[in-house]
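What follows is a set of notes on a single structure, which appears directly below.
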Amino acid sequence: MAPTLLSSSGSSKLQVRSANRTSAVPRLRRRLAVPPLVVPPPTVGERLRDALEALLAAGLLLLTAPLCVLCCLLVRVTSRGPAIYSQSRVGRGGRIFTLYKIRTMYHDCEKATGPRWSGPNDPRITPVGRILRKLHLDELPQLWNVIRGDMRLIGPRPERPEIVARLREHIVGYDRRHLVKPGITGFAQIHLPPDTCLRSVRNKLAYDLFYIRRRHWRFDLYILLATVLKLLGLRRLYHRPPRYPTA
């Protein structure tokens, strides 16, 4: 079961810079007092899950360490800049944490434009970076974020603070995805492509809230298995057309 998707036709990229045209609705939302997100303290079960996922992430990090080193070497010899870079992301309860990834773009490529999403055929991505992104190998260092407790293996994809600030103005209830820790993979990630516009964010938010309301170890196991199938190019074995809205 999955949520109903919105059409992405006619939509444009979201830039962190202010848009030239502003509607009355975003202005009205800015005037209204938005209550702070109330995140309940973690339960004993959640703490146990965090400990188990940290152990699993440590094992996976040890197993994939040679592959991670190889990827870093390829990045270093093919483009200028560090092989691993850090970036601020928004986590559970709106807390800012540092996320680690293998660099797939040219060094300082956002110096002139500021933070923005990556689109199809993005010229900022290096040739090696395209391969790493296709295989999702650039996300291996995020296992360290799971060990540190910033993330989980499964959860909503963390976004940058600059982009989150803009999305809060345009999407009602966007902060509800911050009720849980973000994840390396998730229900939205296995079904939908990366964000490119506001409609794509709304679609992913529906999937994220669907997962948050129905979290269970069986659901998590399904997402892990689906992630493996997606990496193997077998997405058709688990993907089904969306039927149930969750907004």
**OP:** With respect to Gly81, determine if the residue is in contact with a helix residue (DSSP H, G or I) (Cβ under 9 Å, 6 or more places away or on another chain), free of Cβ contacts under 8 Å to residues at least 40 places away in the same chain and of a type outside the set (A, V, I, L, M).
**Re:** yes
**OP:** Confirm whether Ala226 is part of a helix (DSSP H, G or I), touching a helix residue (DSSP H, G or I) at 6+ places or on another chain (Cβ under 9 Å), among the hydrophobic types (A, V, I, L, M, F, W, C) and within 25 Å of Lys134 (Cβ to Cβ).
**Re:** yes
**OP:** Select from region 55-86 the residues that are touching a Ser or Thr at 6+ places or on another chain (Cβ under 7 Å) and outside any helix (DSSP H, G or I) and write down the one among them that is surrounded by the most Cβ atoms within 10 Å (Cβ to Cβ).
**Re:** Ser79
Original post:
Out of region 89-117, which residues are of a type in the set (Gly, Ala, Ser) and buried (at least 17 other Cβ atoms within 10 Å of the Cβ)?
Top reply: Gly91
Original post:
Out of curiosity, is Leu135 surrounded by fewer than 14 Cβ atoms within 10 Å (Cβ to Cβ), in contact (Cβ under 8 Å) with a residue 60 or more places away in the chain and under 30 Å from Ala51 (Cβ atoms)?
Top reply: yes
Original post:
Hey, any hits in region 164-178 for a residue that's in contact with a strand residue (DSSP E or B) (Cβ under 8 Å, 6 or more places away or on another chain) and among the hydroxyl-bearing types (Ser, Thr, Tyr)?
Top reply: no
Subject >> Identity of the residue in region 191-233, at pLDDT 90 or above and of a type in the set (Asp, Glu), that ends up surrounded by the fewest Cβ atoms within 10 Å (Cβ to Cβ) >> reply: Asp220
Original post:
Just a yes or no: is a residue in region 38-54 at pLDDT below 95 and in a strand (DSSP E or B)?
Top reply: no
Original post:
Can you tell me which residues in region 156-178 are in contact with a helix residue (DSSP H, G or I) (Cβ under 7 Å, 6 or more places away or on another chain), over 21 Å from Thr98 (Cβ atoms) and either part of a loop (DSSP other than H, G, I, E, B) or not basic (Lys, Arg) (or both)?
Top reply: Glu169, His170, Ile171, Tyr174
Original post:
Do you know which residues across region 129-143 are over 20 Å from Phe97 (Cβ atoms) and outside any helix (DSSP H, G or I)?
Top reply: His136
**OP:** Considering (1) surrounded by 15 or more Cβ atoms within 10 Å (Cβ to Cβ); (2) free of Cβ contacts under 8 Å to residues at least 24 places away in the same chain; (3) among the charged types (D, E, K, R), say which one Arg236 fails and leave the rest.
**Re:** (1)
Original post:
Just to be sure, is Val146 surrounded by fewer than 22 Cβ atoms within 10 Å (Cβ to Cβ), of a type in the set (A, V, I, L, M), in a helix (DSSP H, G or I) and touching a residue at least 40 places away in the same chain (Cβ under 8 Å)?
Top reply: no
Subject >> Selection count, region 143-192, where residues are among the polar types (S, T, N, Q) and within 11 Å of the chain's Cα centre (by Cα) >> reply: 2
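The values are calculated or read from the model by the stated rules, or taken from the named source; none is laboratory data. Owing to the predicted nature of the structure, the values given are computational and were not obtained by experimental measurement. We place every Cβ from the backbone using ideal geometry, glycine too, and count neighbours over all the protein chains shown.
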